[in-house]
Amino acid sequence: MDAFFRSLVRYETPIYILLGLGAIYAFRAIWVSWEEWRKAVFGLEKEIAYQRLRSRSAVAILLVMIALSQFCLVTFVVPYLPSITFTFTATPDLLSNNLTADTLPPGTPESDLLFTPPDDTGCTPNQIMITSLAPRQEISGRVSLAGTANTENFGFYKYEYRQQGAEDWVTIAAGRDVIIDEEFGSWDTSNLLPGDYEIRLVVIDTENNPLPACTIQVRILEP
């Protein structure tokens, strides 16, 4: 199934071209059949022309339905698939760092050991970045998300979250338009347990290759 969705995205343009050529041929055949049926005089001749008109109309309708299905799958389904389907980039291990309780400044809670952002968050200035949240920011309720998703061969973007220590990412929403330092959605944290979370902005290019995600660590507080 993964390979199927990958093919739909990778060959989106050729698929539309083939369907368009097929539709042109089918509609031309419909026009010819319509003229034959309209000009037919005898009952049998008219019936044969009518059957041709019906069969060619069915082919045209089928091609249109395939094109609509392709559009809906690529636009509304693929961006919301679980991250494991399209994202194979390594996720930084937040727990692997050199800080210990002995190296922390006096008075620093030991819980901050688990909240030290990695050196490489994947954020690329002016290309893939979240600007509305700062690392280690404390948030609650509905949070507005803003940033930039503007890369070469841009396909679509999606933004996801997961609780710190969890393996799977949860997709919040997605979009197919380039965004440049603007709001691209929101994140409702009202129903999430308080604690440390990660949120990331993922960009997929036109070849369905995921780029390094911009990942921000935040802390959700009780409402």
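Would you confirm whether any residue within the range 178-186 is polar (S, T, N, Q) and either closer than 14 Å to Gln217 by Cβ or in contact with a helix residue (DSSP H, G or I) (Cβ under 9 Å, 6 or more places away or on another chain) (or both)?
no
Identify the single condition in (1) surrounded by 13 or more Cβ atoms within 10 Å (Cβ to Cβ); (2) β-branched (Val, Ile, Thr); (3) modelled with pLDDT of 75 or more that Thr91 does not satisfy, given that it satisfies every other one.
The failed condition is (3).
Would the range 28-35 turn up any residue that is modelled with pLDDT of 85 or more, in a helix (DSSP H, G or I) and either outside the structural domain of Ile66 (by TED's automatic domain parsing) or within 37 Å of the chain's Cα centre (by Cα) (or both)?
yes
Kindly provide the set of residues from the range 159-169 that are under 20 Å from Thr131 (Cα atoms) and either within 13 Å of the chain's Cα centre (by Cα) or of a type in the set (Asp, Glu) (or both), ordered by number.
Tyr159, Glu160 - these are the residues of the range 159-169 that are under 20 Å from Thr131 (Cα atoms) and either within 13 Å of the chain's Cα centre (by Cα) or of a type in the set (Asp, Glu) (or both).
Step by step: first the residues of the range 178-223, then only those that are without any contact (Cβ under 8 Å) to a residue 40 or more places away in the chain and among the polar types (S, T, N, Q), then the one that is surrounded by the fewest Cβ atoms within 10 Å (Cβ to Cβ). Which residue is that?
That would be Asn191.
Please go through the range 146-164 and give me each residue that is surrounded by fewer than 17 Cβ atoms within 10 Å (Cβ to Cβ) and touching a residue at least 60 places away in the same chain (Cβ under 8 Å), ordered by number.
Answer for the range 146-164, where residues must be surrounded by fewer than 17 Cβ atoms within 10 Å (Cβ to Cβ) and touching a residue at least 60 places away in the same chain (Cβ under 8 Å): just Gln164.
The values are calculated or read from the model by the stated rules, or taken from the named source; none is laboratory data. The model shown is predicted, which means the values in this text are computed figures rather than measured ones. Using ideal geometry, Cβ is built from the backbone for each residue, glycine included, and neighbour counts are taken over all protein chains shown.
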